[in-house]
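Right, I'll just put the structure down here and ask away after.
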Amino acid sequence: MEIRSVRGMNDLFGEELYQWTQVENRIKQIFGSFGYSEIRTPVLEKTEVFSGTVGNETDIVEKQMYQVITDSETYVLRPEGTASFMRSILENKLHTSGQPSRFFYYLPMFRHERPQKGRLRQFHQFGAELINDSSPEADAELITVLDQIYKSFEITEYRVRINSVGCNQCRGDYKETLKNFFRPKLQQLCEQCQKRFERSAMRILDCKRENCRETTKTAPLITSCLCADCKAHHERVKSCLIQAQVKFEEDPYIVRGLDYYTRTAFEFTSELLGAQDALGGGGRYDGLSARFGEAPFPAVGFGLGMERLMIVLKEKQNLPQFNFAPSFFFAPIGEKAFEILYPLSLRLKRQGIWCDISYDKTKGLKWFLKQANRVNANYSLMMGDEELKNGIALLKDMKQGSQEEIPMASLENELLRRVHREP
Ligand code: HAM
């Protein structure tokens, strides 16, 4: 077949999707226990939701957005969650109470990047956002929730790096200091960093190229430029993390690839991922609502890549067990048996018990047992003319291999008893 899926966009089904769902459910539970309620936004947004907000000089806005063009409008497929979240919060006035409010989302994101291990063009992100709370405790909470998610999957192979990128005031001063440092060294930087120099000099610190890394080694650090308030905020975030027993390290090179961050910025990385080692990341973005032309209010959040979490779980052989199998497989041999087993299978299904039944009544016992094995049923129940005559059915425990005769009159109760493991 010639027609294939779009490069960097995957199908999910069967065992793999089952495992995803188990993992998703666990994460949703964790969000529940930290008081985060779900929000869903449309996959299409107007371009301006991201262009002036995530930052025009960011890779996402500059070169990674998918456009959807209709006769009269151009839209984009959501490349990240925070700007759509903010658009929705403002539009639905969910911030106006002024009270701290917690949200999470689980949505596909689209970025036109070069696909490689852990980097897709359609990927899935869990995100958490806490609005109307400017306290450093809120920043620490987000980092703690993300840490809790990985801990709950018994992942230990990750590092938590945190930084403060300052507020508008001190970051402005820092950018100037940084530009003064890089100006005489521009030739030593890669082409992209030379382009970044004028408008987003801090992103040079984030460059992975050897030459740029060498040059940035002696660059002035944001930590030395933070104002007193930002410094105090950062210190308090750290002490909260110590209290929460979250292991972290300070990394003044964390600047993040999105423009909206203020003060706290953080990244979780894992060496189990290879080159694309970011498991998740986020930070504070108190100024984002102002980029939508609204009054500023505090907000902090993170995004977690599902594909990358699944890679780590696979690497650790820690994926959830595939447990999608019927309790019973009914094998009616002949029409008469089918007339009895079919309604019984429906009654069980209606009680929430998965009971598979073959609609082919012409096959023999051997074939049915093969099918029961194939679908991994716990029990198979066989009924043919002989059993009908004796008023019984044959129940086989597929795991133990044992077989017993069950009187027809008590069949339903006996099956229920087995599912509910009654004595
Ligand atoms: P981000 O760092 O761009 O942040 O993405 C968050 C996570 O999404 C990454 O750490 C990574 O695990 C995953 N990810 C990113 N790009 C890809 C890709 N192409 N393929 C697979 N996984 C990917 C944000 O998006 C911010 N909105 C996070 C945030 C929320 N900040 C505040 N609130």
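Which residues' amide hydrogens lie under 5 Å from the amide hydrogen of Ile357, considering only partners 5 or more residues apart or on another chain, with H built in the peptide plane?
Phe330
At a threshold of 8 angstrom on Cα-Cα distance, excluding pairs fewer than six apart, so keeping six or more, what relative contact order does segment 282-423 reach in percent? If you can, show how the numbers build up before the last one.
Working: 181 pairs, mean separation 25.9, N = 142.
It rounds to 18 percent for segment 282-423.
Could you quote the convex hull projected area for the chain, Cα atoms only and averaged over all directions, in nm²?
Mean projected area for the chain: 28.1 nm², to one decimal.
Identify, among Gln148, Leu77, Asn132, the residue whose Cα sits farthest towards the positive end of the charge dipole of segment 56-170, taking +1 on the Cβ of Lys and Arg and -1 on the Cβ of Asp and Glu, with the dipole about the Cα centre.
Leu77
Place +1 on the Cβ of every Lys and Arg and -1 on the Cβ of every Asp and Glu in segment 328-420, take the dipole about the Cα centre, and give the residue among Ile333, Leu394, Ser345 whose Cα lies farthest towards its positive end.
In segment 328-420, that residue is Ser345.
Could you give the longest part of the chain that holds none of the trypsin sites (Lys or Arg not before Pro) found in DSSP loops with at most 11 neighbouring Cβ atoms within 10 Å?
After excluding every exposed loop site, the longest remaining stretch is 248-398.
Points 7 angstrom from Cα along the Cβ direction at Arg7 and Thr21: gap in nanometres?
It works out to 3.3 nm between the two label points.
Would you please state which residues of segment 349-387 a label at Leu416 would reach in this model, taking the label point 7 Å out along Cα→Cβ and a backbone N cut-off of under 16 Å?
Hits in segment 349-387 for Leu416 at 16 Å: 349-355.
Given charges of +1 on the Cβ of Lys and Arg and -1 on the Cβ of Asp and Glu, with all other atoms neutral, how large is the dipole of the chain about its Cα centre, in debye to the nearest 20?
Once rounded to the nearest 20, the dipole reads 640 debye.
Next question, about the same structure. With an 8 Å Cα cut-off and a minimum separation of 6 or more residues, compute the relative contact order for the chain in percent. Present the calculation step by step, with values, prior to reporting the outcome.
Details: 700 pairs, mean separation 62.2, N = 423.
Taking the mean separation of contacting Cα pairs over the length of the chain, I get 15 percent.
Okay, moving on. Let me spell out the model: positive unit charges on the Cβ of Lys and Arg, negative unit charges on the Cβ of Asp and Glu, origin at the Cα centre of segment 232-319. What dipole size does that give, in debye rounded to 20?
With Lys and Arg at +1 and Asp and Glu at -1, about 220 debye.
Counting other Cβ atoms within 10 Å of each Cβ, which GluC sites (Glu not before Pro) in segment 115-160 have at most 11 and sit in a DSSP loop?
Hits after loop and neighbour filter: Glu154.
I'd like to check one number: the per residue accessible area of segment 328-420, probe 1.4 Å, reported in Å² as a whole number. Please list the in-between numbers first.
Details: 5200 Å² over 93 residues.
So segment 328-420 comes to 56 Å² accessible per residue, rounded to a whole number.
How much accessible area does Tyr18 have with a 1.4 Å probe, in Å² rounded to the nearest 10?
40
Specify whether the C-alpha gyration tensor of segment 328-420 places it in the rounded, prolate or oblate class, a ≥ b ≥ c being the square roots of the eigenvalues: rounded for a/c under 1.5, otherwise prolate if a/b is larger than b/c and oblate if not.
Values: a/c = 1.22, a/b = 1.07, b/c = 1.14.
Rounded shape, in that the Cα axes give a/c under 1.5.
OK, next. Along segment 111-122, what does the Karplus equation 6.51 cos²θ - 1.76 cosθ + 1.60 (θ = phi - 60°) give for ³J(HN,Hα), rounded to whole Hz, x for Gly and Pro?
Karplus-based 3J(HN,Hα) across segment 111-122 equals 9, 7, 10, 7, x, 7, 4, x, 10, 10, 8, 10 Hz.
Rounded if a/c is under 1.5, else prolate if a/b is larger than b/c, else oblate: which is segment 60-134, with a ≥ b ≥ c the root eigenvalues of its Cα gyration tensor?
Values: a/c = 3.09, a/b = 1.54, b/c = 2.01.
Here segment 60-134 falls in the oblate category.
Determine how large the accessible area of Asp356 is when every protein chain is in place; take a 1.4 Å probe and give Å² rounded to the nearest 10.
Approximately 40 Å² for this residue.
Summarise the accessible area of segment 328-420 (1.4 Å probe, protein heavy atoms) by the percent that is carbon and sulfur.
Details: 2570 of 5200 Å².
After summing per-atom areas, the C and S share lands at 49 percent.
For Asp251 paired with Ser152, estimate the spin-label separation in nm (one decimal), with each label point 7 Å from Cα along the Cα-to-Cβ line.
With each label point 7 Å from Cα toward Cβ, the separation is 2.4 nm.
How large a share of the accessible area of segment 56-127, in percent, is made up of carbon and sulfur atoms when the probe is 1.4 Å and the other protein chains stay in place?
Ligands and nucleic acids excluded, carbon and sulfur reach 44 percent.
The values are calculated or read from the model by the stated rules, or taken from the named source; none is laboratory data. On a predicted model such as this, the values are computed, not experimentally measured, just so you know. As a convention, Cβ positions derive from the backbone with ideal geometry for all residues, glycine included, and neighbour counts pool all protein chains shown. For the accessible areas, the whole protein counts, side chains as well, though only heavy atoms, and no ligand, DNA or RNA atoms are used. Shrake-Rupley method; radii C 1.70, N 1.55, O 1.52, S 1.80 Å.
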